[in-house]
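Q: If you scroll down you'll find the structure; I have some questions about it.
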Amino acid sequence: MAEAIFRARLEEGYPHLVGEVEVISAGIAAMDGSPASSHAVQVMDLWGIDLERHRARPFTLSLAREADLVVAMAREHILALERIYPPALQKATTLKTVSASREAILDLLGRETAHDMASVNSRLEKMLELLEATGWEAIYRAEMGSESSDIMDPIGESFSTYLEVAEQIDHSVEDLILCLFGEPLRQGPGWEGR
């Protein structure tokens with residue numbers, strides 16, 4: 001769902017970057033080629049996003065090496081990343097960590113729209129420096145209440161749980177995209193303008 005939501009927001013708000021930014025989802029325990037769960041497909045369908053053709057892929061050493069940014073849903077994924085390819089920790093964070101650090105990141109980077117990949121890469125580099133300066137150990141520390149570092153895996157849960165998780169992902173993806181790309185060129189009805 002995170003990949004689909006990220007792609008939809010990218011296409012909606014940053015059409016000039018669509019062909020430049022590659023978004024790939026992969027799972028620590030994913031069974032290669034498995035379809036998305038029926039609840040995930042149904043939830044995304046409510047949002048006008050087609051998840052029918054999505055197929056799972058495992059997170060590999062190659063993906064860890066090639067990625068410019070690794071965004072995990074939970075701290076346990078960061079721990080798994082450390083086992084797969086320790087140098088990737090320097091370019092990894094959880095989705096909710098970025099969301100919780102949003103204001104500090106935007107204070108540093110500003111809100112000006114990134115118009116090309118050079119400006120996206122510059123924003124990404126500065127964002128990672130800021131997150132590293134705040135201490136990577138914060139990723140591993142459990143936070144209380146709704147500001148938890150983790151987005152739960154809804155597999156096997158109810159439709160309403162999938163919907164709740166999708167809303168959490170969307171909220172945090174909005175923050176991530178704003179940090180990476182600045183203000184969107186176009187804002188559809190899903191943008192809250194926070």
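Q: Set Lys and Arg Cβ to +1 and Asp and Glu Cβ to -1, take the dipole of the chain about its Cα centre, and tell me which of T60, Q42, A2 lies farthest positive.
A: Ranked along the dipole, the leading option is T60.
Q: Please give the contour-minus-distance gain from S122 to E3: 0.36 nm per residue of separation, less the Cα-Cα distance, rounded to one decimal in nm.
A: 40.6 nm
Q: Return M127, M31 ranked ascending by Cβ neighbour count within 10 Å, so the fewest neighbours appear first.
A: Ordered by Cβ neighbours within 10 Å, fewest first: M31, M127.
Q: For T97, T161, what ranking results if the residue with the fewest other Cβ atoms within 10 Å of its Cβ goes first? Kindly include the intermediate steps, with their values, before the conclusion.
A: Details: T97 24, T161 15.
Listing T97, T161 from fewest to most nearby Cβ atoms yields T161, T97.
Q: OK, next. Helix by helix, which DSSP H runs in the chain go 18 Å or more along their axis at the Cα atoms and have an average Kyte-Doolittle hydropathy of 0.0 or more? Before the final figure, lay out each step's value.
A: Values: long enough: 117-133 (24 Å, 0.16); 159-181 (32 Å, 0.64).
Helices passing the filter in the chain: 117-133, 159-181.
Q: What number, rounded to the nearest 500 deg cm²/dmol, is the helix-based mean residue ellipticity at 222 nm of the chain, given -39500 (n - 2.57) per DSSP H run of at least four residues and division by all its residues?
A: -14500 deg cm²/dmol
Q: With +1 on each Lys and Arg Cβ and -1 on each Asp and Glu Cβ, how big is the dipole of region 2-181 about its Cα centre, in debye rounded to the nearest 20?
A: Computed about the Cα centre, the dipole is about 400 debye.
The numbers here are math on the coordinates, done by the rules we state, and not lab data. From a predicted model like this one, the values you see are computed outputs, not experimental measurements. We place every Cβ from the backbone using ideal geometry, glycine too, and count neighbours over all the protein chains shown.
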